[in-house]
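Have a look at the structure below before the remarks.
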Amino acid sequence: MRALAIRHVLAEHLGMMERSLRNLGFKVEYLDTAKGETLKEPLEEYSLLVVLGGYMGAYEENLFELPKGAVRVYASEKYENQAFVYGKAVGL
């Protein structure tokens, strides 16, 4: 099984999740868009896709609107867009 983590900021990584994925038998690969890297294979070749965030958070609704078609699944008093689902993706 293969997992692809797409990162937009070089300092980001899967953290403790990477060890868990490796223990489950995943080969973990990174695609660094900050370095200009692009996909070398179709996404269908991967069992798991993780898109790591950048400097923004889903809760920053005053700066970034939810994508059209996204469904809000959690809001707090402080953050309206605390969590949402967009297709098969989850934004936290």
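Conditions first: (1) at positive phi; (2) surrounded by 11 or more Cβ atoms within 10 Å (Cβ to Cβ). Residue 25 passes all but one, so which condition is the exception?
(2)
Step by step: first the residues of the range 1-22, then only those that are surrounded by 11 or more Cβ atoms within 10 Å (Cβ to Cβ) and in a helix (DSSP H, G or I), then the one that is modelled with the lowest pLDDT. Which residue is that?
Per the stated criteria, the residue is 17.
Taking only the range 28-49 into account, find how many residues are in contact (Cβ under 8 Å) with a residue 12 or more places away in the chain and out of contact with any helix residue (DSSP H, G or I) (no Cβ under 9 Å at 6 or more places or on another chain).
If we filter the range 28-49 for residues that are in contact (Cβ under 8 Å) with a residue 12 or more places away in the chain, which is where we start, we get 28-35, 43, 45-49.
Still in the running and out of contact with any helix residue (DSSP H, G or I) (no Cβ under 9 Å at 6 or more places or on another chain): 29-35, 43, 45-47.
The total comes to 11.
On the basis of being at pLDDT 70 or above, under 15 Å from the mean Cα position of the chain (by Cα) and small (Gly, Ala, Ser), does residue 76 make the cut?
Criteria not met by residue 76.
Within the range 48-69, how many residues turn out to be surrounded by 13 or more Cβ atoms within 10 Å (Cβ to Cβ) and at pLDDT 75 or above?
So the count comes out to 5.
The values are calculated or read from the model by the stated rules, or taken from the named source; none is laboratory data. Predicted model, so just to flag it, every value in this text is computed and none were measured. Glycine also receives a Cβ, built like all others from the backbone with ideal geometry; neighbour counts cover every protein chain displayed.
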